[in-house]
Amino acid sequence: MKDAAHDNACPFEDIAAYLDGELHGEELHIFEVHVEMCKECAGELRTQRQLLCTIDVALTDPMPFCLPKDFTRVVAVHAESDLSRIRNRTERRRALQLCAMLALGAFGLLGAAASSLVFQPVRTLLQLVARVSDLLWQTTYDAGIGLVVILRMVGRSLFANPGGLGLLLAALFAFAISLLLRLIANYHRAQI
Ligand SMILES: [Zn+2]
């Protein structure tokens with residue numbers, strides 16, 4: 001993080017609480033006044049709010065970016081049925097493997113979607129790889145913030161529902177999907 005550049009008074013930890021509607025009274029007032037004056041916190045608030053919207057869209061709209069038919073639903077059903085059976089270490093490892101496969105699948109899908117748009121496969125693919133890795137670097141910071149937001153949400157779910165490892169993995173899955181959607185959105189933007 002770049003804490004050194006930040007004013008110590010910046011209430012970064014309050015941003016998530018604010019978005020969750022957990023700030024009240026004096027706390028809420030102080031936060032809103034600060035965000036009105038502080039560009040950095042206003043930007044941070046905007047980023048986190050957009051991320052929450054992205055996650056919402058990813059979870060409520062099954063095909064926001066024309067993914068293959070039923071892709072999200074099928075994957076989610078598989079993930080759910082797998083996660084619901086997590087009991088021992090072996091099954092937990094299988095769930096982690098599933099997450100890794102989902103991540104690989106997501107990136108493969110991105111590549112497939114991209115190559116269907118172009119007609120000079122090899123050269124364009126190399127350019128695409130370079131561009132995608134650029135985007136990856138650009139989104140790493142956003143992804144970090146997203147992870148913090150999601151871990152927060154998950155933490156609360158675990159508190160409300162102890163032993164919810166499945167929820168944690170489901171959240172990781174949602175995070176992977178939202179990251180994929182962001183990459184695709186950025187890619188389309190970069191094309192224009
Ligand atoms: Zn600030």
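Only a single item in (1) at pLDDT below 65; (2) surrounded by 11 or more Cβ atoms within 10 Å (Cβ to Cβ) is not met by Leu45, and it is number (1).
The residues in region 30-42 that are assigned to a helix (DSSP H, G or I), within 9 Å of the ligand (Cβ to nearest atom), of a type in the set (A, V, I, L, M, F, W, C) and surrounded by 11 or more Cβ atoms within 10 Å (Cβ to Cβ) can be counted, and the count is 3.
Condition check ((1) of a type in the set (Val, Ile, Thr); (2) modelled with pLDDT of 65 or more; (3) on the phi > 0 side of the Ramachandran plot; (4) assigned to a helix (DSSP H, G or I)) across all residues:
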{"position": "Asp7", "(1), (2), (3), (4)": "no, no, no, no"}
{"position": "Ala17", "(1), (2), (3), (4)": "no, yes, no, yes"}
{"position": "Phe65", "(1), (2), (3), (4)": "no, no, no, no"}
{"position": "Thr72", "(1), (2), (3), (4)": "yes, no, no, yes"}
{"position": "Met101", "(1), (2), (3), (4)": "no, yes, no, yes"}
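The values are calculated or read from the model by the stated rules, or taken from the named source; none is laboratory data. As the structure is a computational prediction, the values presented were derived from the model and not from experiment. Because the Cβ atoms are built from the backbone with ideal geometry, glycine has one as well, and the counts that use them run over all protein chains shown.
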